1. Going 7 Å from the Cα of Ser67 toward and past its Cβ, which residues in segment 79-121 have a backbone nitrogen under 18 Å from where you end up?
2. So for segment 17-170, what are the equivalent ellipsoid semi-axes in whole Å, largest first, each being the square root of 5 times an eigenvalue of the Cα gyration tensor?
3. What list of ³J(HN,Hα) values in whole Hz, one per residue of segment 138-143 in order, does the Karplus curve 6.51 cos²θ - 1.76 cosθ + 1.60 (θ = phi - 60°) give from phi, with Gly and Pro shown as x?
4. Testing the spin-label approximation: label points 7 Å from Cα along Cα→Cβ at Val58 and Ala36. State their distance in nm.
5. How far apart, in nm, are the 7 Å Cα→Cβ label points at Leu141 and Ala7?
Amino acid sequence: MDETITARQIQVSRIYQESGDPESAYICARIEGQIAYYEKKSAQNKKLYHMLSILSIVANALVPVLSVFLKTADGSEIIKLLITIISSFAAVTASILVLFNAKELWNKYRSSASALTSLLHQYYTRTGVFEDMEGDAAFRLLARLAEERLDEEHRAWGESLKHTNDRKAP
């Protein structure tokens, strides 16, 4: 395991050290930090998915339009070349969409952020699993449920990477 301390780890450490309230420090450093990370990654993958999808749609729509000009244009060789280039571009963008799996990642990150946000709201409003719970017991349950969710997420990523590596192996 890499022993390098990241800027985020230093920031989290400071939050715990400077806070007189470990509950607020945990919520800020761990839960809200993860929510922010998931929301950022979700937005990035959504943008990538939409951008590549639009490029692929436009490229695929241009091919039949250019094909019409093959019979009417004098520069049919140039049009054939353009059709080939645009068709190849469409194939590449579609392949990149599959390779990067942006839509699935966008949904996974969004789902994880929503689940943690919902858990935090239930904790603050003492609803759901936190109903009729007081201070320390509610906080311990919050921490346990949040960590279970994060561990589940990390295990799923590990399995995903393992399956990806298994497919690449000869």
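1. Within reach of a label on Ser67: 79-92.
2. They are 50, 17, 12 Å, listed largest first.
3. 5, 5, 4, 5, 4, 4
4. Simple spin-label model gives 3.4 nm for this pair.
5. Modelled inter-label distance: 3.8 nm.
Values in this text are rule-based calculations from the coordinates and carry no lab data. If you're wondering where the values come from, they're calculated on a predicted model, not measured in any experiment. All Cβ positions, even for glycine, are placed from backbone atoms using ideal geometry, and neighbour counts span all protein chains on display.
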